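Read-outs: derived from the displayed coordinates by stated rules, not from any lab. Bear in mind that the values here come from a model prediction, so they are computed numbers and not experimental data. Note: ideal-geometry Cβ built from the backbone for every residue, glycine included; neighbour counts use all protein chains shown.
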Amino acid sequence: MTPTDTFTPAAGRFALGLYDPIVSLTRERLWRSLVAMHVAPRPDDVIVDVGCGTGSLAVLLGRTEPRATVIGVDPDPAVLRLARRKAAAAGAAPDFRTGMGDAVADLVGDETADTVVSSLVLHQCPLPAKQAILAAMHRTLRPGGKLVIADFGRQRTAAMRLAFRIVQFADGKEDTQPNADGILPRLIAEAGFEGVRETETVATVTGSLSLYTARRAA
Ligand SMILES: C[S@@+](CC[C@H](N)C(=O)[O-])C[C@H]1O[C@@H](n2cnc3c(N)ncnc32)[C@H](O)[C@@H]1O
């Protein structure tokens, strides 16, 4: 896969400072809690959050199991400044590193993570980047390790397709439409993962979020 070095910022065409307030409108506490439930962090786990943004999920996972090592990776130094501030205020200690998702294995090491998570990232990446990021996530996981992704998935109803237009306005249609068409389970399987499941769907004001779980073969 060809590495990429351009990315859509967290809030798309809106100001970065608006990101957390906007996401709070998406039943954020519900779906982030569902992600934490599927991650089920254990002491000594290494958990990597790809495209960690302002750090909300990394902080939640670190607070859920303070003895786990949580590493947040994002290409945007500005968003990582917000993440570090949020972590300090919460008394959490994720290790935030600057890098693209398709370089995550080089950044944290092959076969080092017990769990790789990612929320709201793949929908705003071009198709080759979605594929390259999933391949790098697979490399980063130890054999038997777990993948948990929360992102906009198949938009199954007219209401959800309409609501998802807000995301398409912010992040553009070209990168987001494959998610709305339900491409992620296929891409996850093509990256080498086993047992790919869409475990939850959450209807939000900006479209339907799906949680996907899968494993790297043991
Ligand atoms: C919508 S935000 C989601 C942030 C966070 N994961 C959350 O749940 O709030 C998308 C994040 O993905 C990052 N991003 C965009 N393209 C990326 C890529 N190719 N690799 C890794 N991160 C990327 C952006 O910098 C941004 O912080």
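So here's what we get for this one:
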| item | result |
| --- | --- |
| Protection-proxy order for peptides 96-103, 189-196, each taking the mean of Cβ atoms within 10 Å per residue, highest first | 96-103, 189-196 |
| Computed E for S24/A189 - FRET, C-beta separation, R0 45 angstrom, nearest 0.05 | 0.90 |
| Dipole axis of the chain (+1 Lys, Arg; -1 Asp, Glu on Cβ), positive-most option in G192, Q168, L134 | Q168 |
| Rg followed by Dmax, in Å, when the stretch 93-218 is reduced to its Cα trace | 14.5, 43 |
| For the chain, built as a Gaussian network whose Cα springs stay under 10 Å, the top-fluctuating residue of A11, A89, A105 | A89 |
| Per-residue ³J(HN,Hα) for the stretch 92-97, Karplus 6.51 cos²θ - 1.76 cosθ + 1.60, θ = phi - 60°, Hz, x for Gly and Pro | 9, 10, x, 9, 9, 10 |
| DSSP bridge pairs, the chain: antiparallel proportion in percent, nearest 5 | 45 percent |
| Net length gained if the chain between A78 and D44 were fully extended (0.36 nm per residue, minus Cα distance) | 9.3 nm |
| For the stretch 46-60, Karplus couplings with θ = phi - 60° (6.51, -1.76, 1.60), whole Hz, Gly/Pro x | 9, 10, 10, 9, 8, x, 5, x, 7, x, 4, 6, 4, 5, 4 |
| Amide hydrogen neighbours beyond the local backbone of T204, cut-off 5 Å, H modeled | L209 |
| Computed [θ] at 222 nm, helices only, for the chain once each DSSP H run of length n ≥ 4 contributes -39500 (n - 2.57) | -11000 deg cm²/dmol |
| Whole-Å semi-axes of the ellipsoid equivalent to the stretch 1-136 (Cα gyration tensor, √5λ, descending) | 21, 19, 14 |
| Against the rule of thumb 2.2 N^0.38 Å, how large the Cα Rg of the stretch 161-218 comes out | 1.26 |
